[in-house]
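Enquirer: Mind having a look at this structure? Questions to follow.
The values are calculated or read from the model by the stated rules, or taken from the named source; none is laboratory data. All values derive from a computational prediction rather than experimental measurement. So basically every Cβ, Gly included, is an ideal-geometry build from the backbone, and we count neighbours across all protein chains shown. Ligands, DNA and RNA are stripped out before the accessible areas are found, and what is left, the full protein with its side chains, is counted by its heavy atoms. Shrake-Rupley method; radii C 1.70, N 1.55, O 1.52, S 1.80 Å.
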Amino acid sequence: MVLPPPQRTTILTHSTTQTPLESRASGPLSGKVRVPGDKSISHRALILGALSVGETRISGLLEGEDVLNTAKSMQALGARVERTGPFAWKVAGVGVAGFAQPASPLDFGNSGTGCRLVMGAVAGCPISAVFDGDASLRSRPMRRILDPLELMGARAGESKEGGRLPLTLHGARDPVPILYRTPVASAQIKSAVLLAGLAAPGVTTVIEQEASRDHTELMLKHFGAEIVSTPEGSHGRKIALTGQPELHGAAVVVPADPSSAAFPIVAALVVEGSDVTFSDVMTNPLRTGLFTTLREMGASIEESEVRGDAGEPMATLRVRASKLRGVEVPPERAPSMIDEYLVLAVAASFAEGTTIMRGLQELRVKESDRLEATAAMLRVNGVRVEVAGDDLIVEGRGHVPGGGLVATHMDHRIAMSALVMGLAADKPVKVDDTAFIATSFPDFIPMMRSLGAEFS
Ligand code: S3P
């Protein structure tokens, strides 16, 4: 496999050399950009390409560390993965249940999504694989994935409490289809069960009480699987996958990642006089809770050139600086903006009035405890904030004093949110380490600079 330079090597502990950076009040941001490809779709394109027969060509792949680790794991499991040009990749798959025993541990670095989805895909194959990651990933719960996979016949070897990494997963020789109700709204759990279900005879069914992102379902259909999704209850879904399909390699166009666009979008809203256009942003309704919320706060976000590819809608977004007001964000919106609360909290800090974000328990088990880390980021910059149970309450006063040093806790989204805050705060905002931004948005700093952001 030919990987794009530069590559950081495995990060199993806090890197000893941190890369701090400061952002400061900037003039109006302006220009037109395309943020990198969607991370969720990029992981899935590589994994489904590897489980298909024939060739998959992917354009617009996110070449961030998280996705590159998934590419390496697919290679280690027997698929041929090749970079054919900038953001263009080719995968020659091994077919459903065709993974080979990997010769060494699979290292997913910082990525929960890569690790958990590949666990699902491995669970349906008669092989054993060691899963590992960096200190952040080693601290995250894996039991939620292992529980359903064990019901399907896989077995997890000895691991730390909560199924934490590193661990060995022994795939099922004869996987059985199950009906599984996910205990939390999680696309990672749903996807792991569906990917294992590919190898099982009969129908594997997942029921979720709150619908989570449906990229796995859409892409499975695109690769030729029979999969039916129906509404369940008021906000849920029931997804039924017919096992043992022949998946055929397909072309995948990866749209721009709305979760990455979220950072420059909030920057454009809070830096006075800004006017920025974002092309090809994926607008799947199960991912756009942030845009809904920002519009409720008074944000000017105009959508044009709406189109779609393989079931994934996308659009051009024009964002202009706006006076924002505090709102209440309902808990049922959380799955559609689960990665965006940090940067929403930044927007809420610049708004007039109180913003209440409800039902954020899942934020505690992300790359860091994002509920506490978000509160700390705001507090150190002079914003009044409270964590009440699983709710986050931010008191917006129209401006942010700034001047704080923010601890990133190996979390890319904390680093980017804090840097966005500094672009409009009264005093500069410093982050202790920008290295983890490379997991999802390697060009964040140069792209922001090209729009007029000031960092030093
Ligand atoms: C993802 C699902 C979400 C999200 C993550 C990407 C995915 O996690 O936080 O960044 O691609 O399936 P959960 O499914 O655990 O909520």
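Enquirer: Using θ = phi - 60° and the Karplus curve 6.51 cos²θ - 1.76 cosθ + 1.60, what whole-Hz ³J(HN,Hα) does each residue of segment 57-70 get, with Gly and Pro shown as x?
Expert: Using θ = phi - 60°, the values come out as 10, 10, 10, x, 4, 6, 9, x, 4, 4, 6, 5, 5, 5 Hz.
Enquirer: Which listed residue (98, 251, 136) has the Cα farthest towards the positive end of the charge dipole for segment 39-253, taking +1 on Lys and Arg C-beta and -1 on Asp and Glu C-beta about the Cα centre?
Expert: It is 136.
Enquirer: What size of dipole, in debye to the nearest 20, comes out for segment 39-253 about its Cα centre when the only charges are +1 on Lys and Arg C-beta atoms and -1 on Asp and Glu C-beta atoms?
Expert: 100
Enquirer: Moving on. Can you list residues from other chains, or at least 5 along the same chain, whose modelled amide H is less than 5 Å from the amide H of residue 180?
Expert: It is 205, 206, 207, by chain and number.
Enquirer: Let me ask something else about it. Short version: ³J(HN,Hα) in whole Hz for each residue of segment 189-198, in order, from phi by Karplus 6.51 cos²θ - 1.76 cosθ + 1.60 (θ = phi - 60°), x for Gly and Pro, what are they?
Expert: 5, 4, 5, 4, 5, 5, 5, 5, x, 4
Enquirer: Taking the Cα centre of the chain as origin and charging only Cβ (+1 Lys, Arg; -1 Asp, Glu), how large is the dipole, in debye to the nearest 20?
Expert: 260
Enquirer: Counting Lys and Arg as +1 and Asp and Glu as -1, each charge on the Cβ, what is the dipole of segment 257-346 about the Cα centre in debye, to the nearest 20?
Expert: 280
Enquirer: Then there's this: If you count, for each residue, the other Cβ atoms within 10 Å and average over each peptide, how do 95-102, 366-373 line up from highest to lowest?
Expert: Output ranking for 95-102, 366-373: 366-373, 95-102.
Enquirer: What does DSSP give for segment 302-456 in terms of the percent of beta bridges that are antiparallel, rounded to the nearest 5?
Expert: 75
Enquirer: Could I ask something else about it? Taking K and R as +1 and D and E as -1, what net charge do the other residues with C-beta under 14 Å from the C-beta of residue 151 add up to?
Expert: Residues close to residue 151 contribute a combined charge of +1.
Enquirer: Could you please report the charge total around residue 126, scoring K, R as +1 and D, E as -1 over all other residues with beta-carbon less than 10 angstrom from its beta-carbon?
Expert: Around residue 126, the charge tally is 0.
Enquirer: Could I ask something else about it? Give me the percent of the accessible area of the chain that comes from carbon and sulfur atoms, probe 1.4 Å, all protein chains in place.
Expert: Carbon-and-sulfur percentage of accessible area, whole number: 51.
Enquirer: Obtain the nm distance between the two label points defined at residue 184 and residue 397 by a simple spin-label model: each point lies 7 Å from its Cα along the Cα-to-C-beta direction.
Expert: The answer from the label model is 3.3 nm.
Enquirer: Let me ask something else. Could you calculate the FRET efficiency of residue 272 with residue 388 from 1/(1 + (r/R0)^6), where r is the beta carbon distance between them and R0 is 41 Å, rounded to 0.05?
Expert: That gives a FRET efficiency of 0.80.
Enquirer: Further, regarding this structure: Which residues does the label zone of residue 246 cover in segment 302-323, counting backbone N under 17 Å from a point 7 Å along Cα→Cβ?
Expert: Under 17 Å, as judged by backbone N against the label point of residue 246, lies no residue of segment 302-323.
Enquirer: Shifting gears a bit: Just to confirm my numbers, what's the Cα centroid distance between segment 160-234 and segment 77-97 in Å?
Expert: Centre-to-centre (Cα) distance: 23 Å.
Enquirer: Based solely on its DSSP helices, what 222 nm [θ] is calculated for the chain when runs of n ≥ 4 H residues each add -39,500 (n - 2.57) and the sum is averaged over all residues, nearest 500 deg cm²/dmol?
Expert: Only helices count here, giving -8000 deg cm²/dmol.
Enquirer: For the peptides 105-112, 445-452, what is the packing order when you average, over each peptide's residues, the other Cβ atoms within 10 Å and list the highest mean first?
Expert: Most protected by this proxy first, the peptides run 105-112, 445-452.
Enquirer: Which order do 173, 24 take when ranked by solvent-accessible area (1.4 Å probe, heavy atoms of all protein chains), largest first?
Expert: Output order, biggest surface exposure first: 173, 24.
Enquirer: Write down the accessible area per residue of segment 39-253 in Å², having rolled a 1.4 Å probe over the full set of protein chains.
Expert: 34
Enquirer: With θ taken as phi - 60° and the coefficients 6.51, -1.76 and 1.60, list the Karplus ³J(HN,Hα) couplings across segment 274-291 in order, rounded to whole Hz; mark glycine and proline as x.
Expert: So the Karplus estimates, Gly and Pro as x, are 6, 7, 10, 10, 10, 9, 6, 6, 5, 10, 3, x, 7, 10, 10, x, 5, 5 Hz.
Enquirer: Separate question: Output the peptides 397-403, 192-198 sorted from most to least packed, where packing is the average of other Cβ atoms within 10 Å over each peptide's residues.
Expert: 192-198, 397-403
Enquirer: Further question: Under a 5 Å amide H to amide H cut-off, with H placed in plane at 1.01 Å, what residues pair with residue 109 once short-range neighbours are removed?
Expert: It is 134, by chain and number.
Enquirer: Between residue 449 and residue 59, what FRET efficiency follows from the Cβ-Cβ distance if R0 is 22 Å, with the result rounded to 0.05?
Expert: My answer for the efficiency is 0.25.
Enquirer: Let me ask you something else. I want the local charge near residue 329. Using Cβ-Cβ distances under 11 Å, sum +1 for each Lys or Arg and -1 for each Asp or Glu among the other residues.
Expert: -3
Enquirer: Using only alpha carbon pairs under 8 Å that are at least six residues apart, calculate the relative contact order of segment 39-253 and give it in whole percent.
Expert: 21
Enquirer: What shape does segment 16-148 take by its C-alpha gyration tensor, where a ≥ b ≥ c are the square roots of the eigenvalues and a/c under 1.5 counts as rounded, a/b above b/c as prolate, and the rest as oblate?
Expert: Taking the square roots of the gyration eigenvalues as a ≥ b ≥ c, segment 16-148 is oblate.
Enquirer: A further question on this structure: Note down the relative contact order for the chain as a percent, whole number, built from C-alpha pairs under 8 angstrom at least six residues apart.
Expert: Averaging sequence separation for qualifying contacts and normalising by length gives 19 percent for the chain.
Enquirer: If amide hydrogens are placed 1.01 Å from N in the peptide plane, which non-local residues have theirs closer than 5 Å to the one on residue 164?
Expert: Distant-sequence amide H within range of residue 164: 142.
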